[in-house]
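Structure first, commentary second.
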Amino acid sequence: SGYAACMNIMIRRWMNEEGLAFRNVTVMVDMDNSTPGITKLYKKIEIDADIPQEKKDELIANVLDCPICKVLRGGKTFLPLEME
């Protein structure tokens, strides 16, 4: 939950700094420890805003490079989280 909160806060901060209006930013994270010694992290980020999808994609890509997120990620890889 801490990692999800960090991503959420960073995206909101950048959007505010760029003057981009948004209704909501939702970050969902799930963890799979079913294989001993391997932790898989799945994330899904949704930005509810009237901005181009390309800008949303840019914000999502940039948040993965945030220094704090890198520390929290600790070398783990995040995979897309598919919601039904």
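Points to keep in mind about this one:
- If only the Cβ of Lys and Arg carry +1 and only the Cβ of Asp and Glu carry -1, the dipole of region 1-78 around its Cα centre is close to 320 debye.
- Only protein atoms count toward the accessible area here, which uses a 1.4 Å probe; on the chain, the carbon and sulfur part of that area reaches 52 percent.
- DSSP beta bridges in the chain [antiparallel fraction, %, rounded to 5]: 75 percent
- Under a 5 Å amide H cut-off, with hydrogens placed 1.01 Å from N, residue 49 pairs with 23 among residues at least 5 apart or on other chains.
- Cα-Cα P(r), the chain, percent of pairs per 10 Å interval: 16, 51, 26, 6, 1
- Whole-Hz Karplus values for region 9-25 come out as 4, 5, 4, 4, 4, 4, 5, 4, 4, 8, x, 8, 6, 8, 8, 6, 10 Hz, taken residue by residue from phi with 6.51 cos²θ - 1.76 cosθ + 1.60 and θ = phi - 60°; glycine and proline positions read x.
- Counting only DSSP H runs of at least 4 residues, each contributing -39500 (n - 2.57), and dividing by the residue count of the chain, the helix-based mean residue ellipticity at 222 nm comes to -12500 deg cm²/dmol.
- Using a 4.7 Å Cβ-Cβ cutoff, the cysteines of the chain lacking any partner cysteine are 6.
- Relative contact order, percent, the chain [alpha-carbon distance under 8 Å, six or more residues apart]: 33 percent
- For region 29-42, the Karplus equation 6.51 cos²θ - 1.76 cosθ + 1.60, evaluated at θ = phi - 60°, returns couplings of 10, 9, 10, 10, 10, 5, 9, x, x, 10, 10, 9, 10, 10 Hz by residue, with Gly and Pro reported as x.
The values are calculated or read from the model by the stated rules, or taken from the named source; none is laboratory data. What you are looking at is a predicted structure, and each value in this text was computed from that prediction instead of being measured. Cβ atoms come from the backbone with ideal geometry, glycine included; neighbour counts cover every protein chain shown. What goes into the accessible areas is simple: the full protein's heavy atoms, side chains included, and nothing from ligands, DNA or RNA. Shrake-Rupley method; radii C 1.70, N 1.55, O 1.52, S 1.80 Å.
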